[in-house]
Amino acid sequence: MTVDNPVCYDREGEIAVIEIDNPPVNALSAAVRQGLSEAMARFDADADARIAVLCCAGRTFIAGADISEFGKPPVPPFLPDVINAIEASEKPVVAALHGTVLGGGLEVALGAHARVAVAGTRMGLPEVTLGLLPGAGGTQRLPRAVGLEAAIDMVTSGRQIGADEALRMNLIDALADGGDPREAGIAHARELLAQGHAGRRLSDAEAPAVDPQVVESWRAKVARSSRGQVAPLRALDTIAKGLALPFAEGLALERRAFMDLMQTPERAAMIHAFFSERRAAQQDDLKGVTPREVNRIGVIGGGTMGQGIAASALSAGLDVTLVERDDAAAAKAAAGIARMQDGAVKRGKLSQADRDTMMADRFRAVTDYQALADADLVIEAVFESMDVKREVFARLGGICRPGAVLATNTSYLDVNEIAAATSRPEDVIGLHFFSPANVMRLLEIVVADRTAPDVVATAFALAKRMGKIGVRSGVCDGFIGNRMLSAYRTAADHMVLDGASPYQVDRAIAGFGFPMGPYQVGDLAGLDIGYATRQRKAATRDARERVPVFADRLAEAGRLGRKTGRGYYIYDEQSPQGRPDPELEPMLDAIRADLGITPRDFTDDEIRSRYMAAMVNEGAKILDEGIAARASDIDVVLLHGYGFPRGKGGPMHWADAQGAAAISADIARYGEEDPYFWQAAPLLTRLAQQGGRFADLGKDAK
Ligand code: 3H9
């Protein structure tokens, strides 16, 4: 290997070893493709080499095409040609797999004549999660290896499978004993040589029969799960149509589909999401700051949130002490956490033995705060009241060891005020988990005025360890996510006051790609939460602010959403997911009449425009105030905490695609009716005037 060539060729006797070393994930950059082509030519010409092993250095086999090259002009050699050359070799090539063998990486492996994996290897074709489909033979070779339905499942979902499953479905030929992929490949190559076995070319294998009925039933399933995304259905079609053609024509069909998808806004949005998630952890001011060590965690409060946080921390290998008010509450919390871990065992994510030792050795639920004396980090998840939180933090300041991080899971309260309740505000930070905390990946890291840099670094390190995506937020009411939610929910409420039905709003928003509309979300979260917030703010409310009287009426009538069987929708055995309530419209009409509003019709498009304009406008204010450091952080919050459709990249990416001028013009129009709510963010106005984009602001410009 030279400095420029990330692919190394050497020999072990009759076995050629072709090793790729392109950190961090051995992505198939132009240099790797070039190096692989040259290595294959050298192997073909090497009379002393009878078989080749293709493996990778570092933490993983090839994790796919180099995503950072997407959207730029393609540079030869192209991956399908490189893979065809591997497969066309007269002498067998063994792919030796480890780590995460994804996308183009799995396609390279499918072009080899045999595949061996070390234990723990994961494989998948995640292209649909980037708005693409496998573009280097995956739609044609995979079905020839594993059969039609298994291939459709993998390609249209992008899901990863483990090495055991891969062996069962014939995706790999063998599972190695040891953990070293190079050694595993060499051992497998020796076996093949000894048996006189040359492996097989998948392009020569017979294509599985394509039963149109099977394809149709998958189409219905994929259409449901992909919620308007184009790539999964295009992938399904490409598999089905391609398999009916000779192999080379199937490949050509696939290539055309891949190039088409490369041009879609969906592809750009999903790749924006991918890099935004990774960028969120990059904090310039934390370079060189060492995080504090965290092994023992305390969780105060064993409600749904506390349980989820504890379960998630346990799964990350941390030691957890949970504190509750009394023995009964502690026992209830412990039982809830045990149930979550049992669920993980059932889903195959955790072994029974690990679950048992985790619960016995690394977890305890107690009633005495003193048990937190040696915790490295304590997360408070008690009732959302400033008085209660201040009391908890005042106590913690005296009990926790010096240097322990004190975190609050508040979802909107002022973290500066909470920090002021302790003698050590520099140790205090907000860690806003989302419910259910053992499932949701988003973690808002709320940095208060006096939070120490190493506490911020500790929070990011903890997020990573817990498999969460940490996004930094400044202190404001609701932080990034709930503040945005409040804005777009208010826009929806105004439309309902003015004549739209909540059911139409929900349908229109689902039509944009959200899994649920705002009123379905409200019913799920419980209508008492919003009611309590409105009550809290009533005394200081500006007289020009329009109140969603209908929401108050529902809450006052005890219609609190799913948990009471009735909110905006009715939930019963007949309709567990909810059905419209015939009493709602008459109630809304009466309220409108009381308020002197003549109801008007809204089109679904207008509903979506107003909803999105409110969201983007609030995002612009959040950026202007420095609550979020970059637009892409806001996108990550909405994508991971609020169901924003990934195929649209997040609200700020979506705004850039529409153009600030168009959104700004909408807001100016809406503002003619309600100038109080529709106040354009100065940043949005600026971008509209200059033709600028959120993506080019500040850190995003780098
Ligand atoms: C494809 O293959 C198309 C083909 O079908 C056809 C082609 C013709 N490219 O996630 P991490 C970077 S589509 C470039 O933090 P982890 C990443 O940005 C591709 N860069 O680590 C980060 O950089 P930084 C199909 C990539 O251990 C660093 O590597 N493949 C790529 O948590 C570490 O990443 C995929 O979709 C890439 N492909 O997870 C796989 N992948 O440090 C996408 C990663 O500067 N990748 N980087 O922020 C993943 O799912 C995860 O990165 C992986 C590692 C599981 C591999």
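The values are calculated or read from the model by the stated rules, or taken from the named source; none is laboratory data. As the structure is a computational prediction, the values presented were derived from the model and not from experiment. Cβ sites come from the backbone with ideal geometry, for glycine too, and all protein chains shown count toward neighbours. With ligands, DNA and RNA removed, areas are computed over all heavy atoms of the protein, side chains included. Shrake-Rupley method; radii C 1.70, N 1.55, O 1.52, S 1.80 Å.
Rolled with a 1.4 Å probe across the full set of protein chains, the surface gives Arg292 an accessible area near 60 Å². When peptides 12-24, 514-526 are sorted by average Cβ neighbour count within 10 Å, with the highest value leading, the order is 514-526, 12-24.
In what sequence, largest accessible area first, do Asp528, Asp605, Asp552 appear using a 1.4 Å probe? Before the final figure, lay out the partial values.
Working: Asp528 55, Asp605 100, Asp552 25 Å².
Per-residue accessible area, sorted high to low, gives Asp605, Asp528, Asp552.
If R0 equals 22 Å, the separation of the Cβ atoms of Glu545 and Glu625 corresponds to a calculated FRET efficiency of about 0.65.
For Ala205, what is the net charge nearby, where nearby means another residue's Cβ is under 12 Å from its Cβ and Lys, Arg count +1, Asp, Glu -1?
Details: positive: Arg141, Arg144, Arg200, Arg201; negative: Glu87, Asp204, Glu206.
Charge balance near Ala205 sits at +1.
Estimated at 0.36 nm per residue, the fully extended path between Val289 and Ala209 surpasses their Cα-Cα distance by 23.0 nm. Do any trypsin sites (Lys or Arg not before Pro) in the stretch 530-562 lie in a DSSP loop with no more than 13 other beta carbon atoms within 10 Å, and if so, which? Answer by residue number: Arg541, Arg544.
DSSP bridge analysis restricted to the stretch 7-262 gives an antiparallel fraction near 30%, rounded to the nearest 5. Proximity of backbone amide H atoms, modeled 1.01 Å from N, is registered between Ile570 and Arg579, Asp581 at under 5 Å, excluding neighbours fewer than 5 places apart on the same chain.
Shape call for the stretch 481-696 from the C-alpha gyration tensor, a ≥ b ≥ c root eigenvalues: rounded (a/c under 1.5), prolate (a/b greater than b/c) or oblate? List each step's numbers first, then the result.
Numbers: a/c = 1.81, a/b = 1.51, b/c = 1.20.
Here the stretch 481-696 falls in the prolate category.
Estimated from the Cβ-Cβ distance and a Förster radius of 56 angstrom, the FRET efficiency linking Glu417 and Asp260 is about 0.55. With the whole protein complex present, Ile271 retains an accessible surface near 10 Å², based on a 1.4 Å probe. Applied to the stretch 312-318, the Karplus parametrisation 6.51 cos²θ - 1.76 cosθ + 1.60 on θ = phi - 60° returns per-residue 3J(HN,Hα) values of 5, 5, 4, 4, 7, x, 8 Hz, with x for Gly and Pro.
Rolling a 1.4 angstrom probe over the stretch 77-155 with all protein chains present gives an accessible area of which 58% lies on carbon and sulfur atoms.
Got a number for carbon plus sulfur as a percent of the stretch 481-696's accessible area, 1.4 Å probe? Each step should come with its number before you reach the end.
On the way: 4720 of 9210 Å².
Carbon-and-sulfur percentage of accessible area, whole number: 51.
Taking a probe of 1.4 Å, how large is the accessible area per residue of the stretch 548-654, in Å²? Walk me through the numbers on the way to the answer.
Details: 4320 Å² over 107 residues.
Roughly 40 Å² per residue, with all protein chains present.
Positive contributions from Lys and Arg (+1) and negative ones from Asp and Glu (-1), summed over other residues with Cβ under 11 Å from the Cβ of Leu638, come out at -1.
Viscosity 1.567 mPa s, temperature 4 °C: give me the Stokes-Einstein translational D for the stretch 294-473 in µm²/s, with Rh taken as the Kirkwood radius over C-alpha pairs. Roughly 81 µm²/s, to the nearest whole number. A simple charge model with +1 on the Cβ of Lys and Arg, -1 on the Cβ of Asp and Glu and nothing else charged puts the dipole of the stretch 481-696 at about 500 debye relative to its Cα centre.
Solvent-accessible surface of protein heavy atoms, probed at 1.4 angstrom with all chains present, puts Thr408, Thr264 in the order Thr264, Thr408, largest first.
Computed from backbone phi with θ = phi - 60° and the Karplus coefficients 6.51, -1.76 and 1.60, the 3J(HN,Hα) list for the stretch 654-661 is 4, 4, 4, 5, 6, x, 4, 5 Hz; x is used for glycine and proline. Here the stretch 368-389 and the stretch 432-474 have alpha carbon centers that stand 17 Å from each other. Full extension of the segment from Arg364 to Ser225, taken as 0.36 nm per residue of separation minus the current Cα-Cα distance, would add 46.1 nm.
The spacing between the stretch 533-582 and the stretch 150-176, judged by their C-alpha centroids, is 46 Å. Only helices enter this figure: runs of n ≥ 4 DSSP H residues, each worth -39500 (n - 2.57), summed and divided by the residues of the chain, yield -15000 deg cm²/dmol at 222 nm to the nearest 500. Computed from backbone phi with θ = phi - 60° and the Karplus coefficients 6.51, -1.76 and 1.60, the 3J(HN,Hα) list for the stretch 160-167 is 8, 10, x, 5, 4, 5, 4, 5 Hz; x is used for glycine and proline. When DSSP beta bridges are restricted to pairs lying wholly in the chain, around 25% turn out antiparallel. In the context of the full set of protein chains, residues of the stretch 156-205 present 53 Å² of accessible surface per residue (probe radius 1.4 Å, heavy atoms only).
Could you tell me whether the chain comes out rounded, prolate or oblate from its Cα gyration tensor? Rule is a ≥ b ≥ c as square roots of the eigenvalues, rounded for a/c under 1.5, then prolate if a/b exceeds b/c, otherwise oblate. Mind dumping the intermediate values first?
Numbers: a/c = 1.96, a/b = 1.50, b/c = 1.31.
It comes out prolate by the Cα gyration axes.
In the stretch 255-412, the portion of solvent-accessible area held by carbon and sulfur atoms comes to 52 percent [1.4 Å probe, whole percent, DNA, RNA and ligands not counted].
Remark: relative contact order (the chain) = 9 percent; criterion is Cα-Cα distance under 8 angstrom and separation of 6 or more residues.
Is there a pair in Lys346/Lys648; Lys349/Lys468; Lys221/Lys468; Lys332/Lys389; Lys221/Lys241; Lys72/Lys287 whose C-alpha atoms are over 26 Å apart, and which pairs would that be? Could you put the intermediate results ahead of the total?
Working: Lys346/Lys648 34 Å; Lys349/Lys468 16 Å; Lys221/Lys468 29 Å; Lys332/Lys389 22 Å; Lys221/Lys241 18 Å; Lys72/Lys287 30 Å.
Long pairs (Cα-Cα over 26 Å): Lys346/Lys648; Lys221/Lys468; Lys72/Lys287.
Put the Cα centre of the stretch 70-100 next to the Cα centre of the stretch 396-421 and the gap is 53 Å.
A simple charge model with +1 on the Cβ of Lys and Arg, -1 on the Cβ of Asp and Glu and nothing else charged puts the dipole of the chain at about 360 debye relative to its Cα centre.
Search the structure for amide H atoms under 5 Å from the amide H of Glu380, placed 1.01 Å from N in the peptide plane, and list their residues when 5 or more places away or on another chain. For Glu380, whose amide H was placed from the backbone, the distant partners under 5 Å are Ile300, Ala407, Thr408, Asn409.
Please compute the net charge surrounding Lys621, taking Lys and Arg as +1 and Asp and Glu as -1 over other residues with Cβ under 13 Å from its Cβ. Working shown, then result.
Values: positive: Arg483, Arg686; negative: Asp477, Glu618, Asp624, Glu625.
Here the count lands on -2.
Accessible area per residue was computed with a 1.4 Å probe on protein heavy atoms; Ser575 scores about 10 Å². Between the residues Leu584, Gln263, Ser89, the greatest Cα displacement towards the positive end of the dipole of the chain, with unit charges on the Cβ of Lys, Arg, Asp and Glu, is found for Leu584. Taking Phe677, Phe78, Phe433 and ordering them by how much accessible surface each has at a 1.4 Å probe, largest first, produces Phe78, Phe677, Phe433. Spin-label pair Ala31-Phe383: with each label point 7 Å from Cα along the Cα-Cβ axis, the two points sit 6.1 nm from one another.
For Val366, the residues whose modelled amide H falls within less than 5 Å of its own, excluding neighbours fewer than 5 places apart on the same chain, are Leu322, Val323, Glu324.
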